[in-house]
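Structure, as structure tokens:
What follows draws every value from the coordinates through simple rules; no lab data is involved. Note that the structure is predicted; figures quoted are calculated from it, not measured. Cβ atoms come from the backbone with ideal geometry, glycine included; neighbour counts cover every protein chain shown.
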Amino acid sequence: KVYSQNGLQFPSLSDLLQPSPVDVDPSLIERKALIAAAAAQILAMVHPPVETFLEMSSGMYGTATSAFVVNTNIPDILKEAGPAGLHIKDIAAKSSVDASYIARVLRFLATRHIFKATSPDVFANNRLSSILTKTKSLEEIRADPIARFDGHHLPRGSHYCNGDEGLPSSVFLSSFMQDSGQNVAPFNIAFKTEAKLWDWCEEPGNEWRARRFSVAISGSADRQYAKADLINGRCFGCVSQDYLIVDVGGSMGSMTHLLYQEMPHYRYVVQDLAKPIDGGKQVSTSTTNQVTPDALASGRVELQVHDFFNPQTTKGAGLYLLRSVIHDWPDQDAKIILKHLRDAADPSSKLIIFDLLAVHTCEASSATSASGNKLPYPLLPCLGIAGAGFISGLDIKMLNFFNGKERTERDFRELGEATGWKLLSVISGVTLASFLYTTM
């Protein structure tokens with residue numbers, strides 16, 4: 001009904017992905033989630049248990065084959081071929097890969113509704129596989145392979161990292177959890193490095209990984225950093241124009257730019273390490289920046305080099321912000337970050353953490369949907385993969401890469417109590433939740 005009212009048809013799996021404003025209609029999102037949750041639960045009920053488990057435990061082949069088609073540019077080859085598709089021999093000629101390998105991989109993926117077979121051994125893109133296409137032409141990709149992911153702004157673009165870094169790291173996930181020893185995370189075991197993923201990507205030989213990692217982070221912005229969440233989650237109240245907001249670990253200042261756009265009368269400090277701060281200065285002074293070109297020139301926004309594992313240098317701010325920072329770190333490190341902020345805070349200072357909220361699969365017997373309606377029995381209170389699928393998967397991903405974690409409300413409360421912060425309220429947003437703390 002929502003699509004027809006807007007003169008649109010409901011998307012077909014056979015069609016290419018065509019994002020529409022209708023896709024983010026709140027009522028439509030909820031209805032889709034209910035259908036997906038019910039379909040997944042029915043499948044789990046009627047599919048033979050052994051086959052269900054075998055499919056789940058073979059998930060690494062989905063990751064590996066997806067990485068293969070991305071690395072060999074097969075979705076891009078099929079994009080140029082058009083809706084009629086291309087024979088595996090022609091795909092092989094353009095990708096320099098044996099046709100039999102391509103056939104087996106594409107059959108595997110098409111069986112799971114990624115790509116479609118238009119005739120035997122002829123494949124074309126569909127709604128799901130078109131997610132994997134890049135914004136550049138094949139000619140541009142081949143001319144500059146390191147930059148092949150540039151300009152790709154797909155939400156959750158980090159699927160590009162899952163095959164090359166995530167899969168090899170996951171091999172060590174079980175042994176790491178049983179005995180972490182001196183290892184930082186499974187990623188560090190797999191790649192024999194003590195560096196964090198983002199630092200490792202900057203090392204010589206990893207230039208293409210660094211470019212792709214940047215795309216993955218920026219491509220997730222639409223989901224993780226919704227403007228409504230930042231504004232609705234604030235606790236500014238009636239304060240003076242000298243009210244100081246410190247964006248801790250704020251990278252190049254994208255969140256502060258959003259806040260400044262809405263509330264230019266406050267003062268802001270963006271803190272991060274030297275490289276992102278330098279990048280933020282270039283963006284903020286660029287004539288092509290359409291967000292807040294006057295931010296630095298106004299003097300109300302300052303970009304400051306600071307490591308949040310060192311004592312906080314900006315004392316007594318009205319509000320300290322942490323957006324998608326804490327989930328990168330295990331509890332012992334998260335406590336150091338929060339304790340430094342508490343030591344710098346005044347009695348009136350507040351802290352807001354913007355992060356994802358992990359939920360239990362048995363949250364409550366009277367579970368409700370986002371609109372407040374009671375969920376149909378016997379759906380899981382978290383709506384299964386349609387509700388908590390992304391965050392539960394991201395939780396394991398954070399463990400795999402960083403030994404980080406997505407946290408429940410209790411986890412956030414206990415972090416605060418251990419570092420002198422009292423959790424006052426939790427507001428669930430479109431994407432991120434906001435956790436408001438006051439000093440204890």
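Odds and ends about this structure:
- Label-reachable residues, the range 375-406, where backbone N falls under 12 Å from a point 7 Å from Ala44's Cα toward its Cβ: 378-389
- Taking every C-alpha pair closer than 8 Å and separated by at least 6 residues, the mean separation divided by the residue count of the chain gives a relative contact order of 14 percent.
- Scalar couplings 3J(HN,Hα) for the range 164-180, obtained by applying the Karplus form with A = 6.51, B = -1.76, C = 1.60 to θ = phi - 60°, are 7, 10, x, 5, x, 5, 5, 4, 9, 4, 5, 5, 5, 5, 7, 7, 5 Hz; x denotes Gly and Pro.
- Residue-wise HN-Hα coupling along the range 84-96, computed from phi with Karplus coefficients 6.51, -1.76, 1.60 (Hz; x: Gly, Pro): 5, x, 8, 6, 4, 5, 6, 4, 4, 5, 7, 10, 6
- Degrees between helix 207-219 axis and first principal axis of the chain (Cα, 0 to 90, nearest 10): 70
- HN-Hα J in Hz across the range 331-336 - Karplus 6.51, -1.76, 1.60, θ = phi - 60°, x for Gly and Pro: 4, 4, 6, 4, 5, 5
- Helix axis angle, 274-284 relative to the chain longest principal axis, alpha carbon, degrees: 90
- Cβ-derived FRET efficiency at R0 35 Å, Gln261 paired with Thr439, nearest 0.05: 0.75
- Taking 0.36 nm per residue of separation and subtracting the current Cα-Cα distance, fully stretching the chain between Leu54 and Glu203 would add 49.8 nm.
- Principal axes of the range 58-132: Cα extent on each, largest first, Å: 29, 25, 20
- Where labels lie 7 Å past Cα in the beta-carbon direction, separation of Glu194 and Arg31 in nm: 5.7
- Relative to the current alpha-carbon distance between Ala210 and Asp98, full extension at 0.36 nm per residue lengthens the span by 37.4 nm.
- Among Arg211, Arg342, Arg407, the largest mean-square fluctuation in a Gaussian network model of the chain, built with springs joining Cα atoms closer than 10 Å, belongs to Arg211.
- For the chain: rounded, prolate or oblate by the Cα gyration tensor [a/c cutoff 1.5]: prolate
- Distances between placed amide hydrogens fall under 5 Å for Glu302 paired with Tyr268, Val269, Val270, all partners being 5 or more residues away or on another chain.
- Under 5 Å from the amide H of Thr118 lie the amide H atoms of Phe123, Ala124, each residue being 5 or more positions distant or on a separate chain, with H modelled from the backbone and absent for Pro and chain starts.
- As a rough footprinting exposure proxy, the listed residues Val46, Val246, Val22 were ranked by other beta carbons within 10 Å of their own, and the order from fewest upward is Val46, Val22, Val246.
- Treating r as the C-beta distance of Gln282 and Ile336 and R0 as 35 Å, the FRET efficiency rounds to 0.70.
- Beta bridges by DSSP in the chain, antiparallel share as percent, to the nearest 5: 50
- Spatial offset of the range 72-120 relative to the range 335-361 amounts to 48 Å, using the alpha carbon center of each.
- Cα gyration tensor shape for the range 1-71, rounded if a/c is under 1.5, else prolate or oblate: oblate
- For the range 1-119: rounded, prolate or oblate by the Cα gyration tensor [a/c cutoff 1.5]: oblate
- Expected 222 nm ellipticity per residue - DSSP helices of 4 or more, -39500 (n - 2.57), all of the chain, to 500: -12000 deg cm²/dmol
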